[in-house]
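**Student:** Here it is: the structure, laid out below.
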Amino acid sequence: MFIISNAYAQAAPAATATTGPFGLSGNLTSFLPIILMFVVLYFLMIRPQMKRQKEQKSMMDALGKGDEVITVGGMLGKITKVADGYVTLEVANGTEVVVQKGAVTMLLPKGTIKTVL
């Protein structure tokens, strides 16, 4: 008859704290490149896009009668009427087109349309 002794697992060695550069813990050091990538992404892509959107919104809010604009489709026109979400453009003598305010992409200096046509 054989006596089989019980097998016990050995205790894991105590974890030692690893430090990375600048005395940071190993976990934080491994996430540092990802954090830096998001910071660079914010300053190169997200922040300029938000600035452009803000400028576009302020330009749309400032549209008024007599302003000369370019639409998304490339039409040049002079604003004759401004409503809540729409503007009426005079694209030729006696020809008016109603477009959404969001379709206006650029506000032109006064007198630009006369020099183009």
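The values are calculated or read from the model by the stated rules, or taken from the named source; none is laboratory data. Because the structure is a prediction, the values reported are computed rather than measured. Methodologically, a virtual Cβ is constructed for each residue, glycine included, from the backbone with ideal geometry; neighbour enumeration extends over all protein chains shown.
**Student:** With the requirement that a residue be among the basic types (K, R) and free of Cβ contacts under 8 Å to residues at least 12 places away in the same chain, what does the range 55-69 give you?
**Tutor:** Here is the first cut: in the range 55-69, the residues among the basic types (K, R) are 57, 65.
Of everything in the range 55-69, just one residue is among the basic types (K, R) and free of Cβ contacts under 8 Å to residues at least 12 places away in the same chain, namely K57.
**Student:** Scan the range 64-104 for residues that are loosely packed, with under 13 Cβ neighbours inside 10 Å, in contact with a helix residue (DSSP H, G or I) (Cβ under 7 Å, 6 or more places away or on another chain) and hydrophobic (A, V, I, L, M, F, W, C) and jot them down.
**Tutor:** If the condition is that a residue be loosely packed, with under 13 Cβ neighbours inside 10 Å, in contact with a helix residue (DSSP H, G or I) (Cβ under 7 Å, 6 or more places away or on another chain) and hydrophobic (A, V, I, L, M, F, W, C), then V72 is the only one that fits.
**Student:** Scan the range 47-63 and give yes if some residue there is closer than 25 Å to K114 by Cα and not in a helix (DSSP H, G or I), otherwise no.
**Tutor:** yes
**Student:** Could you check the range 80-116 and list, in sequence order, the residues that are touching a residue at least 24 places away in the same chain (Cβ under 8 Å) and aliphatic (A, V, I, L, M)?
**Tutor:** Residues satisfying the conditions are V87, V99, A103, V104, M106, L107, L108, I113, V116.
**Student:** Any chance the range 35-52 includes a residue that's of a type in the set (S, T, Y), closer than 19 Å to V104 by Cβ, within 28 Å of the chain's Cα centre (by Cα) and modelled with pLDDT of 90 or more?
**Tutor:** no
**Student:** So, of the residues in the range 93-117 that are modelled with pLDDT of 90 or more and of a type in the set (A, V, I, L, M, F, W, C), which turns out to be farthest from K57 (Cα to Cα)?
**Tutor:** Out of the qualifying residues, it is V97.
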